[in-house]
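The values are calculated or read from the model by the stated rules, or taken from the named source; none is laboratory data. Just so it is clear, the model here is predicted, and its values are computed rather than measured. In this analysis, Cβ positions are derived from the backbone assuming ideal geometry, glycine residues included, and neighbour counts consider all displayed protein chains.
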Amino acid sequence: MEYDVVIVGASVSGCTAAILYGRAGLRVALLEKHRDIATPKRLCGHFLLGAAQAPLLRLGLWDDLLATGAGTGEVSVRTAYGWTDPCRVGVPPFVNVRRATLDPMLRERAAATKGVDLLLGRTVTDLLTEDRHVPGPRTEGRRVIGVRVRLLDGTEETHTGRLIVGADGHRSKVAALAGVRTRFTPNGRAFFYTYYRNVRHTLPTPAAVWWNDRDWVVIAPTDGGLTEVAVMPAKDTLPPGLTDHAGYLERYVAALPDAPDLAGAERVAKVVAALDYPLIRRHPTPAPGLALIGDAALTADPTPAPGCTWALLSGQWLADATAPALLAGDDPAPALRRYRRAHRAIEREHAFMRGDGEVAPPGRAQRLLHEAAVHDPEVSRRLALVGMQAAPTTSLLNPSLAVRALLARHRARRHLTVRTG
């Protein structure tokens, strides 16, 4: 069938783009390989940062997510220097909701949007180009105009559009068929997470992060009255032959300062373990008529948890950039260049994460900010804005902030000296 836009992948980024295209008055095919609308993504920390609030409000999902009991509020950070100052005015809240809740909600909202056809049980097998069908591995610069899909009964369909969008994850079949170059950066951390019921704690905020030089731990409320516990250690610190993931996670948390006691809580799920989670980069507009969004373009380090947030943002940026041109019948190439420029904002953040994926201990500047954030609310607020992806990491490279942090550290150390003296 012919559409204005064909989107492969009905996950966070794909549904976001489909909803916004449909609202703009375009006809959209939203293709999903799973046949059940409720099938969730399994490996995902699903912690949406503060920058996700605006697109979720725009989609009309923010209140719906909170109605499910999703966790929300502020995040406290504990480093070697103690808890950061909790007074962070103007920092947007996180929202934490499991993919088993989020994914069907997004798909149902997309399917109910006028102009959007949610087509389940479709697996992409080939790309179509303007001059000929290309079954091979490359489009060689030709305009992509459609996809061929296989249904569960073995029959095939073709769907064409003026814009084809790959929103099909870090193993993107669309990117592979288009021959898009994939750049891998190894990640030096492992990733373990699970859920508990009846977790009692006296943390200063609903969610908390422990940053122990090279390791990270996140404890946060989520929907269903559960608490998500995630441990992200440097791989070279893992016990050899580790198989008891739950025991390892619980022992690690028990050794944290000020951590909740999981011994009195009930673990209600298996521990999900990812021992190899590389960072992946692809060009977001790799061929004429083709765009990549979400994990198909960038797979982020789960440690700072930007993946779902970036998926929302990239789907929104693509729809906003290209919908007017598609409605007017114009060449979408200039609009895709605008999307490409917008996408660079998260590509720059991805570059910082690639460095952090080497799991080196915090540098001198990081240690300064961590220590100052314990005593100075403005330093803490700036760090929180970056952590919530509401401000770029480069905003910390500010001489006035450095001076403020130095003064805060100096005053704190002098006060400590006087007290101990």
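Figures for the structure shown
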read-out: Pick from the stretch 162-184, criterion of a type in the set (Gly, Ala, Ser) and in contact with a helix residue (DSSP H, G or I) (Cβ under 9 Å, 6 or more places away or on another chain), ranking: surrounded by the fewest Cβ atoms within 10 Å (Cβ to Cβ); value: Gly169
read-out: Options Glu349, Glu378, Glu371: the member that is over 30 Å from Asp103 (Cα atoms), assigned to a helix (DSSP H, G or I) and without any contact (Cβ under 8 Å) to a residue 60 or more places away in the chain; value: Glu378
read-out: Some residue of the stretch 65-88 being surrounded by fewer than 17 Cβ atoms within 10 Å (Cβ to Cβ), in contact (Cβ under 8 Å) with a residue 12 or more places away in the chain and closer than 23 Å to Ala10 by Cα; value: yes
read-out: Failed criterion for Pro92 (all others in (1) at pLDDT 95 or above; (2) assigned to a loop (DSSP other than H, G, I, E, B); (3) crowded, with 22+ Cβ neighbours inside 10 Å; (4) out of contact with any His (no Cβ under 9 Å at 6 or more places or on another chain) hold); value: (3)
read-out: Counted residues, the stretch 196-207 - those being surrounded by 21 or more Cβ atoms within 10 Å (Cβ to Cβ) and not aliphatic (A, V, I, L, M); value: 0
read-out: Candidate set: the stretch 386-412, residues that are under 20 Å from Phe94 (Cβ atoms) and either in contact with a Lys or Arg (Cβ under 8 Å, 6 or more places away or on another chain) or of a type in the set (Phe, Trp, Tyr) (or both); chosen: the one surrounded by the fewest Cβ atoms within 10 Å (Cβ to Cβ); value: Ser395
read-out: Unique match (being in contact with a Pro (Cβ under 9 Å, 6 or more places away or on another chain) and at pLDDT 95 or above) among Val165, Val174, Val180; value: Val180
read-out: Single unsatisfied condition, Ile219 versus (1) farther than 20 Å from Ala360 by Cα; (2) touching a residue at least 40 places away in the same chain (Cβ under 8 Å); (3) loosely packed, with under 13 Cβ neighbours inside 10 Å; (4) of a type outside the set (Ser, Thr, Tyr); value: (3)
read-out: Some residue of the stretch 149-162 being modelled with pLDDT under 95 and either among the polar types (S, T, N, Q) or more than 21 Å from Ser11 (Cα to Cα) (or both); value: yes
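Residue-wise test of (1) in the same structural domain as Leu163 (by TED's automatic domain parsing); (2) touching a helix residue (DSSP H, G or I) at 6+ places or on another chain (Cβ under 9 Å); (3) β-branched (Val, Ile, Thr).
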{"residue": "Val231", "(1), (2), (3)": "no, yes, yes"}
{"residue": "Gly247", "(1), (2), (3)": "no, no, no"}
{"residue": "Pro257", "(1), (2), (3)": "no, no, no"}
{"residue": "Asp261", "(1), (2), (3)": "no, yes, no"}
{"residue": "Ala269", "(1), (2), (3)": "no, no, no"}
{"residue": "Pro284", "(1), (2), (3)": "yes, yes, no"}
